[in-house]
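Here is the structure we will look at.
Read-outs throughout are calculated quantities, based only on the coordinates presented, and are distinct from any laboratory measurement. Everything numeric in this text was worked out from a predicted model, so none of it was measured. Here Cβ is always computed from backbone atoms with ideal geometry, including for glycine, and neighbour counts include all displayed protein chains.
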Amino acid sequence: MGYRKFFTKTLEKYYPGNSDALRKEIDVRFYKIQKDVAFALTSGNPIDRRLDFTAYFLSLIQTLESKNQSFDLIKEICLEITYDYVSPKNSFQKWLKKIPARIIGLKISKIALKIFKKKIGKTGHPDGFRAEIITDKNETFGLGYGVNILECGICKLFQKHNASKYASILCEVDKLTSELAGLELIRTSTIAYGAEICDFKWKRKVSIPHRRLQNNLTRS
C-alpha cells in the first residue's frame, strides 16, 4: 500500500481542503474493487502483482468521474500520480532501474528469462495477464528481449467496471519506465486501444559522453 501516499500528495495539490473526503471515497470504492484483484497477490503470473495498484487507480478514476471531472483532468491527475510513483527518489534507485537493461544477454539473465517466460506464458487467473517473451534479436532491434502482452489484466478490470476508456492512461507510463531503464520503447499496438496484443520492443538509448556533448555544444 506504499503507493497511496502518492495519491494523497497529488489530491492535496488539485483539491486543497477537499482531499481527505476524496481519499475516503476512493478507499470505499477500492475495498469493493479489491475483491476482483485479490488473486493477484498469490498468482503464479508475476505480472498480476501490479493489479492491486491498478484497482486503487481505478477507484480514483471512479471517484473523480462521479464529481463530473473531465477526462483530460482525470488523465492529468492520474499521470502525475503514476509518474511520481515510478520515478526514482534518489541516485541509488535510479541506478537500480537501469540494471535489468544492462544484464540482458548475460548468462544469468538468460536463466532468469527462461523462468519468467514460463510463469507469464499462462494466466494465473482468468482475470489476469498472459504474455510471451521474444528473444530473437531480429525482432527486438538487436536487444534480444521483448514482450507481447496477449491478455491484459488491467483492460479486463477496467472493462468489468465500465471504465475501458481510461485504461489507456496507464499505457502512457510505459514510455517513462522504459526511459528510466535506459531504453527507448518501440510499440505499435495496445489492447487498450482495441488491438489484439500490446507489443513491447526496446532499443538501447545511445548516450553521448559528457565531454563529447560539451564539445558539440561549443562548436554549435
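Listing for the model above:
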{"item": "Along principal axes, Cα extents of segment 4-206, largest first, whole Å", "result": "53, 38, 29"}
{"item": "All lysines inside 17 Å of Lys160 as judged from Cα atoms, apart from same-chain residues fewer than 8 positions distant", "result": "Lys32, Lys35"}
{"item": "The chain: Cys lacking any partner C-beta under 4.7 angstrom", "result": "Cys78, Cys171, Cys198"}
{"item": "Difference of contour (0.36 nm per residue) and Cα-Cα distance, Glu172 to Tyr3", "result": "59.0 nm"}
{"item": "On Cα atoms only, tilt of 71-86 relative to the major axis of the chain in degrees", "result": "50"}
{"item": "Neighbourhood net charge (11 Å Cβ-Cβ; Lys/Arg +1, Asp/Glu -1) for Ile120", "result": "+2"}
{"item": "Cα-projected label distance for Val28 with Asn68, points at 7 Å along beta-carbon direction, nm", "result": "1.9"}
{"item": "Relative contact order of the chain, defined on C-alpha pairs under 8 angstrom at six or more residues apart (%)", "result": "17"}
{"item": "Mean residue ellipticity (222 nm) of the chain, computed from DSSP H runs ≥ 4 via -39,500 (n - 2.57), nearest 500", "result": "-16000 deg cm²/dmol"}
{"item": "For peptides 153-164, 86-97, 168-179, sequence by mean Cβ density within 10 Å, most packed first", "result": "153-164, 168-179, 86-97"}
{"item": "Anchor Lys94: lysines whose Cα lies under 17 Å away (excluding residues fewer than 8 positions away in-chain)", "result": "Lys175, Lys205"}
{"item": "Point-to-point label distance, Asp36-Lys122, nm (Cα→Cβ direction, 7 Å offset)", "result": "2.6"}
